[in-house]
Amino acid sequence: MRLLRLDVDDFGPYRGTQRYDFAGVPGVELLWGENGRGKTSLLNAIRYALFGVVLGRASAQIDLTTVGNRDHGSNEPSPFKTTLTFEHGGQTFKLTRAYGVSDGAGGVRERVSLVRDGDVLGPEERDQQMARLLPEQIARFFLFDAELLQEYEQLLNPGSDAGDKLKAAIERILGVPVLTQARDDVAATLKRARTLQAKAAQKDKATRDLGNNLQIAQDYADQARNNVEALTEQVESLQTDVNEVERSLAGSARYQKLLATRNERRLEVERLQQRSTERNDELAARASEIWRAVASPLVTQRLAELERLDDDLSERYRRAIEAQQGALAVSTGQCPTCKQEVGTAAAALLHPHKPTDDPATLQAEMVALRSRRAALRAIGGDPALIARLEREADQARVDLSDAQGQLDDVEADLADAPPGTLEAVSTIIEQLAGYKASLTNTRNRLAEARADAVAKENAVTALSDRLHRAGAGSTGVEDRRVALLSQLLALLTAAVTDFRDRLRESVEEEATKIFRLLSAEPDYDRLRINDSYGLSILFADGSPVINRSSGYEHVVALSLTAALQRCSPMSGPFITDSPFGRLDGRHKRHVLATLPQISDQVMLLVHDEELDRQMALGLLQDGQLVAEHHLRRVSGRHTQIERGAPA
Amino acid sequence: MTQPAAAGGTERVNVAFTQAVEPVARRLQTRLRMPNLMDVARIAVAFAVRQDLPLGRPSDFGPASNANYNVGSLDPGRDLRGLVLALHPDLTDDPYRVIETLMNVGTLELDRQVNAGTVVSLQDLLVTS
Amino acid sequence: MTEPTEPGDLLPPATAEDVFAVAEEVRAADFAGVPAALVADVLAAERDNLDNRTDAARTVDQVIEEYLLSEHALAGEEPTQ
């Protein structure tokens, strides 16, 4: 498909009738426009022409009564019109959608027409033709803005609502529904065939019991299936609730964050309060012993003195005893220890040791001293321990006081909130937590129900096989139908898995090729796809890049959309608003240089802060830059599309 | 040579903060985060001996307050008594009377040093001077 | 049995070809007892009715019944396996 021309009438800031002519040759075209000039409106004009919807922030639909040009000053809903001319499969189509044609009762309505090679198509043929040309679900692969790109992140979270929808859209353009729907239709046919088989068996005496059992097993399997369906609906509904509540929270992000911070800090204060109490208790438990630690330095010093005194006394005592023994030997002429005779010469030698101290007195002094020493040793005391306990208690108190201060700061910020805000936000947060808990719970029940349904289905298959083997003539036709359908179902189930695997492989391969062109980080080696077509970046050693930057989210999303364009034969234009929003200069250059390889028709809606024109001209050489337009301000409510780059 | 102090004599069974010292002791209790006033009393005795304060009772000692303690509670292992006697082997006074003196003068000295900023926490009492 | 009715079908022909080719590969490898034509007809019924689930299911039913009838006519009472 190739877009040729867009005509707009009073659409957004495009007052009156204005035309945008797309370039007639393959390449990149640029539409320059400052913020607020109407780049997104032009993208929306194409979207409206094709699908009748206009998207705003967070991909929310915009009320069409607000879309018409307001330059006339009125705030009443005003009419507008878009006409998109495009070429597909050698035919030229002209699609017109007009809003605000009076329905005769003062209301508004929409009028759509599709002209194919000059023939006006009837409503039914028109709708069929449009659905075939470009199903709305796949618009996201050629018509998108930065926000839509951001949704690709959801593919990395298995089970996310947005991710599931995106996966379905991807599989749709790749043809998976042909197989999955064939599988589901054959399964339904098989189910009916088994009912017929059971009824036929019930008529025959020989197979009646088996037939009855098959019937009952079928009923159980039906119930299990219904249960799965009901739970699936519940999960979807809860997911919608979660999304809605999350959207309503988005507006109060600041207070939500403050509340979360306050709760965290309250917990921290509680924790530190407890720690402080514990540390104080530890110190208090030793309070009655602290005096020992206070006395300890003096006690240690005195003990050392007493040790010296004791040594001294011991030595004096030893000498006193020796002297006493010598004196005794001299006076008795016999050694008191060995009982030998002491001669005159020996007695002369012993004379100098006349006793100076009284050993008994010395002994009494030693006893007193040792008793003092024992008393001091009993004091003990561990100053290091007490000091440590006090330091820890002090530190815990300081930490607590700091945390309390931080909590007070948040409380002060929260106190500035408009009345009622916090209560409302708290309620929504609680509500969200409740929904999320229910969602998890219901998802678990769904998983159980699915397992149950499989078990029940297996029971049916087993009974049906037994009946078939029993081979009674009365069920022959039904048996054959069941056997054929069972085989067909198994075949289609295997084909679905096989086809999906191949698709993922080729999408991964193509996305990796594009990614290598776009990426400026040499260590990022390739992309890996998951079951939902989410892509992770891998290093050369195969380990994934965790927490990739928002710029790289953008690069990965571009790689995926480009890969999908390449893998699907449904090639089309690639039109994107703010394509470089989160990219640095190097990646901008890479993206710009790669775009001509992604699609034959690329249109970028940019402003000069986002893209340097000289750089663009330098990169898009050899005729790759095929056209330039710019949006000229006439007034705040009036923009004019003009050819060429802005002056 | 030395006479064992107070040997055989009848020792005091109660010791008390004086009326003037009791509020000072309570202030220190808060300051040092001690669970009991008795903990302050013990610390004050240890501090007094560390500071080598005189054992004699000052003339302006003053009358006892209601903060008085049985020595069995204040000094259950009699280690405080042992400390005083081990440091002052020549002591002839009743050791618990000395302890009572030290806990009061020690409290006043400690308070003085706290107010002077030389002691701000327990750790300042634990260092070797 | 079911032919694409007009150009610009719901699925580009190349994509549809991929789907058919994979199914045929699986059939030839593991389900040789299932006729190739039957698989192709079932898939064609889906391809031609991608925007209408009711019609798709009805057409699939018809394809299977017609196959069983023709088989019955050709092979008498012998069940297919």
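Inter-chain neighbour count for A:390-400: the average number of beta-carbon atoms from partner chains within 10 Å of each residue's beta-carbon is 2.
In plain terms, the chain from A:Thr277 to A:Ala360 could stretch by 24.1 nm, reckoned as 0.36 nm per residue minus the Cα-Cα distance.
Name all residues of the range C:22-41 having a backbone nitrogen under 13 Å from the label point set 7 Å from the Cα of C:Glu66 along its Cα→Cβ direction, giving them as ranges. Of the residues in the range C:22-41, C:37-41 have backbone N under 13 Å from the label point off C:Glu66. Note on A:Ala412 and A:Gln301: their simple-model spin labels are 4.9 nm apart, each label 7 Å out from Cα toward Cβ.
Other protein chain C-beta atoms within 10 Å of residue C-beta, averaged over B:87-94: 2.
Efficiency by 1/(1 + (r/R0)^6): what FRET value for A:Ala447 and A:Glu642, r their Cβ-Cβ distance, R0 = 60 Å, to the nearest 0.05?
Numbers: r = 58 Å, r/R0 = 0.97.
With R0 = 60 Å, the Cβ-Cβ based efficiency is 0.55.
Under the shape rule built on the C-alpha gyration tensor, where the axes satisfy a ≥ b ≥ c, the range A:442-500 is oblate, since a/c reaches at least 1.5 while a/b does not exceed b/c. Ellipticity at 222 nm from helices only: DSSP H runs of n ≥ 4 in chain A, each -39500 (n - 2.57), divided by the residue count, give -21000 deg cm²/dmol.
Kirkwood-based Rg over Rh for the protein assembly as shown (C-alpha set), two decimals?
Numbers: Rg = 48.8 Å, Rh = 37.4 Å.
My calculation of the ratio gives 1.30.
Here chain B was treated as a single set of alpha-carbon atoms; its pair distances binned every 5 Å from 0 give 2, 11, 22, 24, 20, 13, 6, 2, 1, 0 percent.
Shown is the FRET efficiency for C:Arg58 and A:Ala230, computed with R0 = 22 Å from the Cβ-Cβ distance and rounded to the nearest 0.05: 0.25. The equivalent ellipsoid that matches the C-alpha gyration tensor of the range A:282-397 spans semi-axes of 54, 11, 9 angstrom, in descending order.
Quantify how strongly other chains surround peptide A:365-373 by giving the mean number of their Cβ atoms within 10 Å of each of its Cβ atoms.
Partner-chain Cβ atoms within 10 Å, mean over residues of A:365-373: 2.
Annotation: amide H-H contacts under 5 Å for B:Thr18 (H modelled 1.01 Å from N, sequence separation of 5 or more, or interchain): B:Ser65. Would you please classify the overall shape of the range A:1-97 from the alpha carbon gyration tensor, given that a ≥ b ≥ c denote the square roots of the eigenvalues, rounded means a/c under 1.5, and beyond that prolate means a/b larger than b/c while oblate covers the rest? The shape class here is prolate. A simple spin-label model places the labels of A:Arg208 and A:Asp523 7.7 nm from each other, with each point 7 Å out along Cα-to-Cβ.
Apply the a/c threshold of 1.5 to the C-alpha gyration tensor of the range A:383-453 and tell me whether it is rounded, prolate or oblate. Cα axes put the range A:383-453 in the oblate bin. Extent along the principal axes, Cα only, for the range A:566-612: 35, 18, 14 Å, with the longest axis given first.
May I ask you to derive the FRET efficiency for B:Ser59 and A:Arg377 from their Cβ-Cβ distance with R0 = 51 Å, giving the value to the nearest 0.05? About 0.90, to the nearest 0.05. The modelled label-to-label distance for the pair A:Thr332/A:Val398, using points 7 Å beyond Cα in the direction of Cβ, is 7.4 nm. Restriction of the GluC sites (Glu not before Pro) in the range A:520-624 to DSSP coil positions whose beta-carbon has at most 14 other beta-carbons within 10 angstrom yields A:Glu609.
Taking 0.36 nm per intervening residue step and subtracting the Cα-Cα distance, what contour gain separates A:Val367 from A:Lys339 on full extension?
Numbers: separation 28, 0.36 × 28 = 10.08 nm, distance 3.09 nm.
Length gained, A:Val367 through A:Lys339: 7.0 nm.
What's the local net charge at A:Leu389, with K and R +1, D and E -1, over the other residues with C-beta under 9 Å away? Present the calculation step by step, with values, prior to reporting the outcome.
Details: positive: A:Arg279, A:Arg286, A:Arg388, A:Arg391; negative: A:Glu282, A:Glu390, A:Glu392.
My count for the surroundings of A:Leu389 gives +1.
Based on DSSP, what percent of beta bridges with both residues in chain A are antiparallel, to the nearest 5?
Working: 48 of 66 bridges.
The antiparallel fraction comes to roughly 75 percent.
Read the figures in this text as sums done on the coordinates, not as results from a lab. A quick note: this is a predicted structure, and the numbers were derived from the prediction, not measured. Positions of Cβ are backbone-derived with ideal geometry, glycine not excepted, and every protein chain shown enters the neighbour counts.
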